[in-house]
1. Quote the charge dipole size of the chain about the Cα centre in Debye, to the nearest 20; the model charges only the Cβ of Lys and Arg (+1) and of Asp and Glu (-1).
2. Can you compute the modelled spin-label distance between D63 and T15, with each label point 7 Å from Cα toward Cβ, in nm?
3. Can you tell me the accessible area per residue over region 28-67, all protein chains present, probe 1.4 angstrom, in square angstrom?
4. Against the longest alpha carbon principal axis of the chain, how many degrees, from 0 to 90 and to the nearest 10, is the axis of helix 45-66 turned?
5. Through the Karplus equation 6.51 cos²θ - 1.76 cosθ + 1.60, θ set to phi - 60°, convert the phi angles of region 25-40 into ³J(HN,Hα) values in whole Hz; use x for Gly and Pro.
6. For the chain, what does the convex hull of the Cα positions come to per residue, in cubic angstrom?
Amino acid sequence: MFKLDRDKYLQIARTQGLHTAITTLHEDARELEYATFEGQEGYLPELWKELESVRQFSRELWDQVLA
């Protein structure tokens, strides 16, 4: 199961920039969205909460870019 690793994306932001961190997060989120809604087992509501945390963290990163 996917678990948001905030440190992974913050490290990418420090070393490669915020835009790269956001891109990486969005690529990982795309996989999580597929697993949540369209994976082999169909809709998995238990992944929904994790998907929401990824989306919230994405907004936090974007806020840093826009600041």
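The values are calculated or read from the model by the stated rules, or taken from the named source; none is laboratory data. It should be emphasised that the depicted structure is a prediction, and the values quoted were computed from it without experimental measurement. Glycine also receives a Cβ, built like all others from the backbone with ideal geometry; neighbour counts cover every protein chain displayed. Protein only, heavy atoms only, side chains kept; ligands, DNA and RNA dropped before computing areas. Shrake-Rupley method; radii C 1.70, N 1.55, O 1.52, S 1.80 Å.
1. Result for the chain is approximately 300 debye, rounded to the nearest 20.
2. 2.6
3. Accessible surface, normalised per residue, equals 71 Å².
4. The angle comes out near 20 degrees.
5. Karplus-based 3J(HN,Hα) across region 25-40 equals 4, 5, 5, 5, 5, 4, 5, 5, 4, 4, 4, 5, 10, 10, x, 4 Hz.
6. 72
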